[in-house]
Every structure is written in structure tokens, then in C-alpha cells.
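For reference, the structure discussed in these notes is given below.
The values are calculated or read from the model by the stated rules, or taken from the named source; none is laboratory data. Only a predicted model underlies this, so the values are computations on that prediction, with no experimental measurement involved. Here the Cβ positions follow ideal geometry from the backbone for every residue, glycine too, while neighbour counts run over all protein chains shown. Ligands, DNA and RNA are stripped out before the accessible areas are found, and what is left, the full protein with its side chains, is counted by its heavy atoms. Shrake-Rupley method; radii C 1.70, N 1.55, O 1.52, S 1.80 Å.
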Amino acid sequence: GAEVVINGSSSPAVVDRSNESIKHDIQPASSKWRHNQTLSLRIRKQILKFLDAEKDISVLKGTLKPGDIIHYIFDRDSTMNVSQNLYELLPRTSPLKNKHFGTCAIVGNSGVLLNSGCGKEIDAHSFVIRCNLAPVQEYARDVGLKTDLVTMNPSVIQRAFEDLVNATWREKLLQRLHSLNGSILWIPAFMARGGKERVEWVNELILKHHVNVRTAYPSLRLLHAVRGYWLTNKVHIKRPTTGLLMYTLATRFCNQIYLYGFWPFPLDQNQNPVKYHYYDSLKYGYTSQASPHTMPLEFKALKSLHEQGALKLTVGQCD
Ligand code: CTP
């Protein structure tokens, strides 16, 4: 079949730092956007050559046992042991087994969501994916409440929950976990060293307090497979962000995909300042050489997919 054109230029994609100040016109406008079913199906098929979201969303119980040694994906020299708790929390079957949804929302964490009024629209989707345990309650008007899957990088425990230094922070995290109420909690436990204790604390908390979440721990091959797919389409990402991972996975089980809160730029379309996150004071860090992400490059690819009708980006207000 024909190639999916994600990066239209014939020259290899480069990280264009200058585009941070350019006005990013999202066309077609919201009311004119039409879903391209043919293209969506073609993308699903192509991604399936690299990964299968149903399988790669989580390692299953049958494939590991306590004591097994795992090499971190990004730090091959560092290892971790599969703990008894981690083993307990591995799902027996894929949380996405035979799942299909009409429309899905993927909610990124950009401050562009503030004052968007998108909460109702987001909650109207059949499946809602959120990132890094971002708070919803206080921002419901703009981001909605419905959560079917939420990711949690181990670093979130440090950044948003003070590494659980005291009972107050532990209680805060526990409340947040309880509020997930049966949804999927997706923890990349095998990606990078340094998160070991944090993952263990969370696992322990879930088991000890019988928190009602369905835990999932992405497969060891997911990262490279996702990267491989995008590289094949000339999107030269270093390390895919959580948001891009979620889009790539969602193509498998979502008919139409709507993205909110994807805007890795300090100014909005009207040149007004935009917070990096809608809920905290973290600053733009992706420009630093050290950052493994190339968010503006990812954004360019997503924008191109929006133009072709494969997904819909919302970067302004909802009607
Ligand atoms: N995002 C975005 N623009 C922003 C902030 C976030 O497009 N200003 C998207 C990215 O795809 C990101 C996702 O929203 O992966 C979730 O945001 P965040 O929790 O900030 O993820 P990061 O911590 O930045 O990155 P990661 O978890 O992927 O390492």
C-alpha cells in the first residue's frame, strides 16, 4: 500500500528550534476538520507491523516471575529484580483485550488547556487517556474528569508527590489513586533506572490499601517499536514522549482520535503565553540539549496527521 506521509519534506527531518516562535496555524479549523477513515486504518495497519498495543500495553503475569532480572531499556547496564509486589500487580490478560472504541481522547498536559472549556467535550469520548497522573478535579471545566487510562512516569512521585516524604504526601497520592476508580494505571517501570523505589512505593500502596486500579507495565519492546515506526516515517524522534506513545497505542483500538493539551510552545496561536503544564509551574525544558524529547518535532508530525484527517488536534477553545 501507499506510504503514509507524515513528514512531507524530502530532506531528513531536523529539530528546528526556530519553530518555537513561529505561529502554528492549525488547519483545517475545528469546524471544517473531517475524519479520514481510510488513512486511519492504513496507519493502524502500518503500526501493527511494529507493535501490537493489545500486547505491548503491558507485560503479563505468565511471562515473568518474582526474582527475574530486567535490564532497563534506556540504561542497559542497570538492572532490576521483579519484586513480589510487581508480580502480583501484573495483569493476567491485556487490559485492552478485544477493546474497540468509537472515539478516544488523549489529553496532554500543556497549559493550552487552561480556559479552553474542553472538559465536557473530552468527557464525551468513549475512552479518555491522560498522562502522568495530572490532576483533574480542580480543572474539570477545561480538562474533564473521565479517565479510562492514566500514565505515571516514576518521576511523577518525585515531582508531584514530594517523594512521599511524610504521611501527608502519602495520603495525597493514595487519594489520587483511589479516585482512579477502576481505570488503567500505566506505569513505565522498565524504561530508565532511578524510578525503582518510586514504582515499588506505588505498588505497595496499591496492594496495601486495595486500591481499585488495573495496573499495566509497558512491554520491554514498546519504546523501540514506537520509535521504529516514527523513524520509518521520517520523524526523527530521540525518545517518544508519553503523549506520542499514547497516540501510537490508541491507533489500535480507537476509531477516531482526538488530542487535547498537545502544545509544546510558550506562546499560543494568538501569541499569548502558555504554561508548560496546566497544573504546575514547571518550565519549558525540552529545548535543553539534555532533554531526550523532541516535542516540537513530534508536534509537527501530529499537525500533519491533523491536516490529513487521521487525528484531530484541539489547541484552542472548545465550542
Ligand atoms: N505535552 C505537550 N505540550 C506540553 C506538555 C506536554 O504536547 N506543553 C504532551 C507531550 O506529548 C507529553 C504529554 O503531553 O508527553 C504529557 O505531558 P507531561 O506529563 O509533561 O509529559 P513529560 O513529563 O513532559 O514527558 P514524558 O512523560 O513523556 O517524559
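The table that follows gives values for the structure above.
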item: Which numbered condition residue 272 fails, given (1) away from the ligand (no atom under 11 Å from the Cβ); (2) touching a residue at least 40 places away in the same chain (Cβ under 8 Å); result: (2)
item: Qualifying helices (runs of 4 or more DSSP H) (wholly inside the range 56-158; at least 1 residues being away from the ligand (no atom under 16 Å from the Cβ), of a type outside the set (D, E, K, R) and open to solvent by less than 10 Å² (accessible area, probe 1.4 Å)); result: 84-89, 119-123
item: Which listed residue, of 280, 319, is more than 10 Å from the ligand (Cβ to nearest atom), of a type in the set (Asp, Glu) and open to solvent by 20 Å² or more (accessible area, probe 1.4 Å); result: 319
item: All positions within the range 114-165 that are more than 24 Å from residue 212 (Cβ to Cβ) and in contact with a Lys or Arg (Cβ under 8 Å, 6 or more places away or on another chain); result: 114, 117, 155, 158, 163
item: Pairs, first over 22 Å from residue 254 (Cα atoms) in the range 103-115, second more than 7 Å from the ligand (Cβ to nearest atom) and among the basic types (Lys, Arg), C-beta under 6 Å, six or more apart; result: 111/275
item: Failed criterion for residue 209 (all others in (1) open to solvent by 50 Å² or more (accessible area, probe 1.4 Å); (2) within 20 Å of residue 66 (Cα to Cα); (3) of a type outside the set (D, E, K, R); (4) in contact with a helix residue (DSSP H, G or I) (Cβ under 7 Å, 6 or more places away or on another chain) hold); result: (2)
item: Failed criterion for residue 250 (all others in (1) within 13 Å of the ligand (Cβ to nearest atom); (2) open to solvent by less than 70 Å² (accessible area, probe 1.4 Å); (3) more than 22 Å from residue 127 (Cβ to Cβ) hold); result: (3)
item: Breaking point among (1) under 21 Å from residue 186 (Cα atoms); (2) touching a Ser or Thr at 6+ places or on another chain (Cβ under 7 Å); (3) open to solvent by less than 20 Å² (accessible area, probe 1.4 Å); (4) away from the ligand (no atom under 12 Å from the Cβ), for residue 310; result: (1)
